[in-house]
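To keep things clear, I will list the structure first and then write my remarks on it.
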Amino acid sequence: MTRIIAGAAGGVRLDVPSAGTRPTSDRVRESLFGALESADALYGARVLDLYAGSGALGLEAASRGAGSVDLVERAKSAAAVARRNADNVRRSIGDGAPAVRVHANPVGSWLRGASGPFDLVFLDPPYDLPAAELDENLAALRGALSPDALVIVERSARSGAPGWAAAGLEPIRDRAYGDTALWWGRPAAQPETESQSR
């Protein structure tokens, strides 16, 4: 059973799609969100949850004070589950609940039209997603990020780090939890031009 761990909707049960998704374990979510709260990265954040599945990551952020949440999930059945979960979380939060939008689209095509800016982005693709496709999506995401955005990729620990540099991003940290690993990145600092440094 998957639940919201903490925040205004703490304890709310989340439905999980019957097939085709791999929910982030409670242990990994608890560690991740503890680190995000320590970094003051949640309150008021514009959150994007790609390959959202049940929406657990984005909805956990909503429960803990995010300003808005967009969930992107291509499978229509999973997107319907995410919508139900979002409705339950919003009802539990009550007044002041953030806007939560569910988009039943492939991640790549949705990103081509995304405007942002987003402050916090989760990517939890299927483990069998080719690394090249993940890297293409990171590159497409770059233009929709705020300058201080955090990007968190969840993959198999055996898959190796994402292609941060080619996407204009830089790694911050990574941590493995058994077979699951989280990689944190952010927009790379732009080198100063001569005119900027004068």
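The values are calculated or read from the model by the stated rules, or taken from the named source; none is laboratory data. Only a predicted model underlies this, so the values are computations on that prediction, with no experimental measurement involved. As a convention, Cβ positions derive from the backbone with ideal geometry for all residues, glycine included, and neighbour counts pool all protein chains shown.
Remarks
- Pairing residues of the range 113-128 that are in contact (Cβ under 8 Å) with a residue 40 or more places away in the chain and closer than 15 Å to V47 by Cβ with residues that are surrounded by fewer than 19 Cβ atoms within 10 Å (Cβ to Cβ) and not hydrophobic (A, V, I, L, M, F, W, C), at Cβ distances under 6 Å and at least 6 apart in sequence or on separate chains, gives P117/S146; D119/S146.
- For the range 89-101, the criterion of being touching a Gly at 6+ places or on another chain (Cβ under 6 Å), within 24 Å of D135 (Cα to Cα) and not aromatic (F, W, Y) is met by none of the residues.
- Flag for L141 being in a strand (DSSP E or B) and surrounded by 16 or more Cβ atoms within 10 Å (Cβ to Cβ): no
- Inside the range 175-186, residues that are in a strand (DSSP E or B) and over 15 Å from the mean Cα position of the chain (by Cα) make up a count of 4.
- Residue in the range 49-89 that is surrounded by the most Cβ atoms within 10 Å (Cβ to Cβ), counting only those that are of a type in the set (A, V, I, L, M, F, W, C) and over 19 Å from S25 (Cα atoms): V69
- Any pair with Cβ under 8 angstrom, 6 or more apart, that starts in the range 159-172 at a residue that is within 14 Å of L134 (Cβ to Cβ) and surrounded by 13 or more Cβ atoms within 10 Å (Cβ to Cβ) and ends at one that is at pLDDT 95 or above and of a type in the set (V, I, T): P162/V153; L169/V151
- G7 crowded, with 21+ Cβ neighbours inside 10 Å, small (G, A, S) and not in a helix (DSSP H, G or I): yes
- Helices (runs of 4 or more DSSP H) wholly inside the range 40-125 that include at least 3 residues being farther than 26 Å from S156 by Cβ and modelled with pLDDT of 95 or more: 76-93
- Residue check for D128: of a type in the set (D, E, K, R), within 21 Å of A6 (Cα to Cα) and modelled with pLDDT under 95: no
- Yes/no for D124 being closer than 14 Å to V72 by Cα and among the acidic types (D, E): yes
- Residue satisfying condition, being touching a residue at least 60 places away in the same chain (Cβ under 8 Å), out of contact with any Cys (no Cβ under 8 Å at 6 or more places or on another chain) and surrounded by fewer than 17 Cβ atoms within 10 Å (Cβ to Cβ), within set S109, S25: S25
- Test: residue in the range 46-67 that is over 15 Å from the mean Cα position of the chain (by Cα), closer than 25 Å to A139 by Cα and among the small types (G, A, S): no
- Filtered residue count, the range 20-35, keeping only those that are outside any loop (DSSP other than H, G, I, E, B) and over 12 Å from the mean Cα position of the chain (by Cα): 7
- Cβ separations smaller than 6 Å between residues 6+ apart or across chains give the following pairs from the range 131-154 residues that are over 20 Å from D174 (Cα atoms) to residues that are modelled with pLDDT of 95 or more and in a helix (DSSP H, G or I): A140/L111.
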